[in-house]
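Asks: Supplied in structure tokens, the structure appears directly below.
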Amino acid sequence: MRMVRRTGTVSAALLLAACATSIESGPPLDNPVAIANRLQSGAGSPDAPALIRFAWRYGDLRGDVEGDGVGRFNPPDSLRLDLFTSGDVAMAIASAGGRLTSRGQIEDIDVPPRPFVFAMAGLFRPEPGAVPRAFVAGGDSVLVYGPFGDRTQVFYVMQGRIEALEERRRDKVVRRVRVEWPVNGAWPLSAEYRDFERTSRVRWEIEQVQSTVDRHQSEIYALPYTP
């Protein structure tokens, strides 16, 4: 399998750099809930069931592992990802009804929080019930959720799409997803997740998206374990 080497978009890098100090230093935006609703269900958001094929790679201080993957999406918020290594299912992750569940494991890999799993697929799905604050940043905007304990989650928005998601502990970034988009299309080209506490990363490239006529069976989103 080919190595995945593409970097994130220039716009994402500029937006993150612009917000590197204080997220809430820009002017506040009115009606952040409306902004969030547009992100979740606005023009360009996927509105049909889809089958997604991707290549993935995980790396940490012990080395790298890579393989192929299949995603199955039912709108608005059911997503399952199956990760394969050497033709075998290494791990499955699913989210439906606000819950994240899994089956199998890749040794000593923590499953990212639910909003990060969705963000890697370019989907804006914050924690259920959380109310955001919104601010002008980097020529566009950020949505800030939390605090959840001592942490906040920050969605960076550019032209109506997620460019990045960060989890911060007292202004220190502990997790990050960056998303690379095509010029047109409802699904990203690639995404990278970083866990700075565990010094690990997961990167994938979407290779094919097939819109399906029928919804996937709801049973596939009910996996046995809660990570």
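The values are calculated or read from the model by the stated rules, or taken from the named source; none is laboratory data. Because the structure is a prediction, the values reported are computed rather than measured. Methodologically, a virtual Cβ is constructed for each residue, glycine included, from the backbone with ideal geometry; neighbour enumeration extends over all protein chains shown. Please note that ligands, DNA and RNA were not included when accessible areas were found on the heavy atoms of the full protein model with its side chains. Shrake-Rupley method; radii C 1.70, N 1.55, O 1.52, S 1.80 Å.
Asks: Would a scan of region 178-192 turn up a residue that is of a type in the set (Gly, Ala, Ser) and in contact with a Lys or Arg (Cβ under 9 Å, 6 or more places away or on another chain)?
Replies: yes
Asks: Further, regarding this structure: Only one of (1) open to solvent by 70 Å² or more (accessible area, probe 1.4 Å); (2) touching a strand residue (DSSP E or B) at 6+ places or on another chain (Cβ under 8 Å) is not met by TRP187, so which one is it?
Replies: Result: TRP187 passes all but (1).
Asks: Further, regarding this structure: If I go through region 20-45 residue by residue, how many of them are aliphatic (A, V, I, L, M), modelled with pLDDT of 90 or more, open to solvent by less than 50 Å² (accessible area, probe 1.4 Å) and in contact with a strand residue (DSSP E or B) (Cβ under 8 Å, 6 or more places away or on another chain)?
Replies: Summing the residues that are aliphatic (A, V, I, L, M), modelled with pLDDT of 90 or more, open to solvent by less than 50 Å² (accessible area, probe 1.4 Å) and in contact with a strand residue (DSSP E or B) (Cβ under 8 Å, 6 or more places away or on another chain) in region 20-45 gives 3.
Asks: Can you pull out every residue in region 49-65 that is open to solvent by 30 Å² or more (accessible area, probe 1.4 Å), under 21 Å from GLU192 (Cβ atoms) and at pLDDT 90 or above?
Replies: If the condition is that a residue be open to solvent by 30 Å² or more (accessible area, probe 1.4 Å), under 21 Å from GLU192 (Cβ atoms) and at pLDDT 90 or above, then ARG53, ARG57 are the ones that fit.
Asks: Taking MET91 and the conditions (1) in contact (Cβ under 8 Å) with a residue 24 or more places away in the chain; (2) in a strand (DSSP E or B); (3) buried (at least 19 other Cβ atoms within 10 Å of the Cβ), which numbered condition does it fall short on, given that it satisfies the others?
Replies: (1)
Asks: How about region 137-227: which strands (runs of 3 or more DSSP E) wholly inside it have at least 1 residues that are of a type in the set (Phe, Trp, Tyr)?
Replies: 140-148, 151-158, 190-195, 200-211
Asks: With the checklist (1) surrounded by fewer than 21 Cβ atoms within 10 Å (Cβ to Cβ); (2) aliphatic (A, V, I, L, M); (3) under 28 Å from PRO49 (Cβ atoms) in hand, flag the one item VAL173 doesn't pass.
Replies: (3)
Conditions tested, residue by residue: (1) of a type in the set (S, T, N, Q); (2) open to solvent by 50 Å² or more (accessible area, probe 1.4 Å); (3) in contact with a His (Cβ under 6 Å, 6 or more places away or on another chain).
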residue: ASP47; (1), (2), (3): no, yes, no
residue: SER78; (1), (2), (3): yes, no, no
residue: SER86; (1), (2), (3): yes, yes, no
residue: GLY98; (1), (2), (3): no, no, no
residue: PHE116; (1), (2), (3): no, no, no
residue: LEU123; (1), (2), (3): no, no, no
residue: PRO128; (1), (2), (3): no, yes, no
residue: ARG133; (1), (2), (3): no, yes, no
residue: PRO147; (1), (2), (3): no, yes, no
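Asks: Considering only residues that are open to solvent by 100 Å² or more (accessible area, probe 1.4 Å) and either of a type outside the set (Phe, Trp, Tyr) or more than 29 Å from ARG176 (Cβ to Cβ) (or both), which ones fall in region 208-227?
Replies: Scanning region 208-227 gives VAL213, ASP214, ARG215, GLN217, GLU219.
Asks: ASP140 passes all but one of (1) closer than 29 Å to SER218 by Cβ; (2) in contact with a strand residue (DSSP E or B) (Cβ under 6 Å, 6 or more places away or on another chain); (3) not β-branched (Val, Ile, Thr); which number fails?
Replies: The failed condition is (1).
Asks: Taking the stated definitions as given, is PHE155 open to solvent by 60 Å² or more (accessible area, probe 1.4 Å) and either modelled with pLDDT of 95 or more or closer than 21 Å to SER95 by Cβ (or both)?
Replies: no
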